[in-house]
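Everything on this sheet refers to the single structure shown next.
The values are calculated or read from the model by the stated rules, or taken from the named source; none is laboratory data. Note that the structure is predicted; figures quoted are calculated from it, not measured. Protein only, heavy atoms only, side chains kept; ligands, DNA and RNA dropped before computing areas. Shrake-Rupley method; radii C 1.70, N 1.55, O 1.52, S 1.80 Å.
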Amino acid sequence: LRQYKDEYGDIRVPVHFPDNPQLGSWVQNQRLQYKKYQEGDNDSTMTKERLDALEELGFEWSVKKPVLSENWNLRLEELRQYKAKHGHCRVPREYPQNPQFGQWVQRQ
């Protein structure tokens, strides 16, 4: 996790991190164990020491909303660039240069 932070500048490891799938799963499990810990679940493997160590690294216990917002802002910037190039925002659903972008525009 420290190596990931050194390389990427944060600890928001994707669940399906191709460079190290085990790390993504482990981080997801830490969030699950933290939730159990917060709820007083005795099955949690989270301890105060582990919690402190993760927080010292800047661990984010919930990342869904910031990531979604960040992704949305990236797509918006792509749309601005598309409009600057094409003069409109009518991106085809199956835009060959970036299919995910075309699908995103259609969902807005």
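Note on the chain: Lys pairs 8 or more places apart or on different chains, Cα atoms under 22 Å apart, count 9. By the helix-only formula, in which each DSSP H run with n ≥ 4 contributes -39500 (n - 2.57) and the sum is divided by residues, the chain has a 222 nm mean residue ellipticity of -20000 deg cm²/dmol.
Remark: the chain carries 75 Å² of accessible area per residue (probe radius 1.4 Å; ligands, DNA and RNA excluded). The relative contact order of the stretch 10-87, computed from alpha carbon pairs under 8 Å that lie at least 6 residues apart in sequence, is 25 percent.
The Rg/Rh ratio of the stretch 4-75, with Rg taken over Cα atoms and Rh as the Kirkwood radius over Cα pairs, comes to 1.00. Protein heavy-atom surface of the chain, 1.4 angstrom probe: 48% of the accessible area is carbon and sulfur, with nucleic acids and ligands not counted.
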